[in-house]
Amino acid sequence: MSLALSLLILRVAIGLIVAAHGSQKLFGWFGGHGFAGTSGFLASLGFRPAWFWVLLGGAGEFGGGLLLALGLLTPLGATAIFAAMLMAVLKFHWSKGFWGAKGGYEYPLVLGLLSAVLALVGPGSYALDTLIGLSIATPLVWIILILAALVVIIGIATSRQPASKEVAA
């Protein structure tokens, strides 16, 4: 199998899986909670304003996934997925350990790392980027990945667990 075909399969698989996951957050598709439900969940975890973080994460997953699957603005779409998965690993799954069977970070880590690699490697021959002659220089892709990681760190640093309500004695 050629490298170009391998990249196409990888891009489409990761892109559509993550886009479907993002659609759960944004639109409530595939059994998801939708924008309002996800906003409530993030608000309960201390994200302020919750709607902003739902929009950012949901767009990163849904929009980034579609861009990656199409091979359009591939480094940006892949970076959006990388950032969403980095947030998932650090904020939502880290405390549960590595293994996905216990709610750990195994699966989002793999998706995030593969997306970062695709951002750096590029979409391959079978992509809209290639068709229209669009490419982003590797040093700029590194800068975009680092900036995305900084946004995630800001999100984690500014979110805080709300104080638990003490039961009156």
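Mind checking which pairs have a first residue in region 41-55 that is under 12 Å from PHE92 (Cα atoms) and touching a residue at least 60 places away in the same chain (Cβ under 8 Å) and a second that is surrounded by 15 or more Cβ atoms within 10 Å (Cβ to Cβ) and among the charged types (D, E, K, R), Cβ under 8 Å, 6 or more apart or different chains?
That search, which allows pairs on different chains as well, returns LEU45/LYS91.
Only one of (1) surrounded by fewer than 23 Cβ atoms within 10 Å (Cβ to Cβ); (2) over 30 Å from LEU131 (Cβ atoms); (3) touching a helix residue (DSSP H, G or I) at 6+ places or on another chain (Cβ under 6 Å) fails for PHE41. Which number is that?
It fails just one condition, (3).
Working only within region 103-130, note down all residues that are touching a residue at least 60 places away in the same chain (Cβ under 8 Å) and in a helix (DSSP H, G or I).
The answer is LEU111, LEU114, SER115, LEU118, VAL121.
Would you say PHE30 is free of Cβ contacts under 8 Å to residues at least 40 places away in the same chain, of a type in the set (A, V, I, L, M, F, W, C) and on the phi > 0 side of the Ramachandran plot?
Working: free of Cβ contacts under 8 Å to residues at least 40 places away in the same chain: yes; of a type in the set (A, V, I, L, M, F, W, C): yes; on the phi > 0 side of the Ramachandran plot: yes.
For PHE30, the condition - free of Cβ contacts under 8 Å to residues at least 40 places away in the same chain, of a type in the set (A, V, I, L, M, F, W, C) and on the phi > 0 side of the Ramachandran plot - is met.
If the Cβ limit is 7 Å and pairs must be 6+ apart or interchain, which residue in region 73-88 that is at positive phi pairs with which residue that is crowded, with 24+ Cβ neighbours inside 10 Å and assigned to a helix (DSSP H, G or I)?
Pairs found: LEU73/LEU67.
When you go through LEU86, LEU114 one by one, which is the residue that is closer than 19 Å to LEU5 by Cα, buried (at least 18 other Cβ atoms within 10 Å of the Cβ) and not polar (S, T, N, Q)?
Numbers: LEU86 fails: closer than 19 Å to LEU5 by Cα.
Only one candidate qualifies: LEU114.
Would you tally the residues in region 19-32 being surrounded by fewer than 15 Cβ atoms within 10 Å (Cβ to Cβ) and of a type outside the set (A, V, I, L, M, F, W, C)?
1
Check off (1) part of a helix (DSSP H, G or I); (2) touching a Ser or Thr at 6+ places or on another chain (Cβ under 8 Å); (3) of a type in the set (A, V, I, L, M, F, W, C) for PHE47 and give me the number that stays unchecked.
(1)
Working carefully through the options SER159, SER135, find the one that is touching an Asp or Glu at 6+ places or on another chain (Cβ under 7 Å) and modelled with pLDDT under 95.
Values: SER159 fails: touching an Asp or Glu at 6+ places or on another chain (Cβ under 7 Å).
When all the criteria are applied, what remains is SER135.
The values are calculated or read from the model by the stated rules, or taken from the named source; none is laboratory data. On a predicted model such as this, the values are computed, not experimentally measured, just so you know. Glycine gets a Cβ as well: all are built from the backbone with ideal geometry, and neighbour counts include every protein chain shown.
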